[in-house]
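Each remark here refers to the structure printed beneath this line.
Bear in mind these aren't lab numbers, they're just calculated from the coordinates by the rules spelled out. Note that the coordinates shown come from a computational prediction; the quantities given were computed from them, not determined experimentally. Backbone-built Cβ (ideal geometry, glycine too); neighbour counts: all protein chains shown.
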Amino acid sequence: MFDGLRRGLSDLIKRLTTGTSIDKDAVEKILIDLEKILLQSDVDIKLTKELIERIRKKSLEEKIPAGLTLREYVLKIIYEEMVRLLGEESADLKGKKRIMFVGLFGSGKTTSIAKLARYLQKQGLRPALITVDYHRPAAVEQLLQLGQQIHVPVYYDKNYNPYEGVKDGLQKLKKYDVIIIDTAGRNALDKVLADELKKIAEIAKPDEVLLTIPADIGKIAGVQASEFNKLVGITGVVITRMDGTAKGGGALASCAATGAKVKFIGTGEKLEDFELYDPKRFVSRLLGLGDLETLLEKAKEAEVKPEKMEKIVEGKFTLQDYLEQIEALQKMGPIQKIVSMIPGLGMLNLPEELLEKQEEKLKHYRNIIQSMTKEERENPEIISLSRIKRIAKGSGRSESEVRELLDQYSKMKKLIKGLGGKAGLQRGILKNLAKFGFKF
């Protein structure tokens, strides 16, 4: 799993930042481990060796800037070099009206198109889709179903002519903000596919040509990107299945090395599991340093209200507030992803089973609170034994789970209230944790 790279790197950084001392020998040990981690993630040997040598030279031969310790300087260098390895600049699709997707069979192209459409909807845009993938059985039906899920129109030619499909589709969908075109894939980049893609590109005149590449092909991604670039001039890459392979780092690094800009990454099966690739944010998460920018964006999408958070931090919150926080958390995605974005928590490498258990428990808590009356949610202290029995029966959970929820709620409220008046880091961390419904 790609999670292995994150755990390996965050463990390494934790060792660097919490060790009793840091000297030349300690730096060398860290570099040996970093090299192993990158090679296990299928990063090219040459790229890995060059990165390790740059870190070694800067850490041990260059003068440490004033105000920094060797420990801080090494961390800074590792972060900067990892960003350089995985692509230095973030690139979005602002102002792009026509986007054409290309890729081989099984790369996740059609699903990525629907994910991008959903992403654009969140930006306030109105996307529409055209499919000219008439070679793969059920490809048209797949995109029609995905389009229906997110309420996006899908056009295809009834006679399955790809060239007429593009021409007519562009005309019929011209009122939409962005038009995304799904082209045919092949088992290999043969002449038939090459000729078809060239002709479609000539008709569509796309502002953007995105190549989908599955992360599990690792360092071969750069070669594939170069081949497609020669053919149709790709402007960006979408790396899919980043959550399901240990080779994601290799795919990202090889694309960066060949100059192919990775613009988006697919991080799961859901249509929401799709994000703009920002190397700085991505590396920050990999190293366990958090990613507050993405975290705040997700909170905004989930409509987490600042005034509500102020109320919670001050200890003035009810079970209704707690329910709203659980629902907001569930909109933001799996707890494991959210934890990786909170500075400091990413380094803890909390067991996946523990996080999954917590996620399941929050679902149960949601059911329990929803089985309460409005009065019980606003004034939990009135919940008696007879009410507990009724709530347990209505939610399909046990009485002990209802009592556990009330106990955790009470502890959380007291602790937050006790810490709420303290300034600085404590308050900031508490805000983030309370936002996601974590127990204390």
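Beyond a 30 Å Cα-Cα separation, which of these cross-linked pairs lie in this structure: K36/K63; K36/K191; K174/K261?
Details: K36/K63 27 Å; K36/K191 40 Å; K174/K261 28 Å.
The pairs that break the limit, which is 30 Å between Cα atoms, are K36/K191.
Rounded to whole Å and sorted largest first, what semi-axes of the equivalent ellipsoid does the C-alpha gyration tensor of the range 1-134 yield via the square root of 5 times each eigenvalue? Walk me through the intermediate numbers first.
On the way: eigenvalues 328, 61, 37 Å².
Over the Cα atoms of the range 1-134, the semi-axes work out to 40, 18, 14 Å.
Where a Cα-Cα gap under 13 Å defines reach, which aspartates and glutamates qualify for K46, not counting those fewer than 8 residues away within the same chain?
Within reach: E35.
For the range 5-65 and the range 110-179, what is the centre-to-centre distance using only Cα atoms, to the nearest Å?
The distance from the Cα centre of the range 5-65 to that of the range 110-179 comes to 45 Å.
Beyond 22 Å, what share of the Cα-Cα pairs of the range 93-169 remains, rounded to the nearest whole percent?
Numbers: 568 of 2926 pairs.
Cα-Cα pairs in the range 93-169 separated by more than 22 Å: 19 percent.
Kindly state, to the nearest 0.05, the FRET efficiency for E378 paired with D190, given R0 = 60 Å and r defined as their beta-carbon distance. Write out the running numbers ahead of the final one.
Working: r = 66 Å, r/R0 = 1.10.
About 0.35, to the nearest 0.05.
Please give the residues of the range 197-241, grouped as numeric ranges, whose backbone N is less than 14 Å from a label point set 7 Å along the Cα-to-Cβ vector of K167.
Backbone N within reach: 199-205.
Would you mind pulling out the separation of the Cα centroids of the range 364-389 and the range 190-210, in Å?
Here the two parts' Cα centres lie 60 Å apart.
Based on the mean of other Cβ atoms within 10 Å per residue, sort peptides 399-408, 45-54 so the most packed one is first. Present the calculation step by step, with values, prior to reporting the outcome.
Numbers: 399-408: 16.8, 45-54: 14.9.
Output ranking for 399-408, 45-54: 399-408, 45-54.
Considering amide H positions built from the backbone, and no H for Pro or chain starts, which residues 5 or more places from E275, or on another chain, come under 5 Å of its amide H?
I265, T267
Which of K122/K175; K29/K76; K29/K49; K109/K198; K94/K198; K172/K198 have a Cα-Cα distance over 20 Å?
Working: K122/K175 18 Å; K29/K76 17 Å; K29/K49 15 Å; K109/K198 18 Å; K94/K198 24 Å; K172/K198 22 Å.
The answer is K94/K198; K172/K198.
Through the Karplus equation 6.51 cos²θ - 1.76 cosθ + 1.60, θ set to phi - 60°, convert the phi angles of the range 133-142 into ³J(HN,Hα) values in whole Hz; use x for Gly and Pro.
8, 9, 8, 8, x, 6, 5, 5, 4, 4
Enumerate the aspartates and glutamates that K414 could reach by cross-link, defined here as Cα to Cα under 17 Å, with residues fewer than 8 away along the same chain left out.
E310, E314, D321, E378, E381, E404
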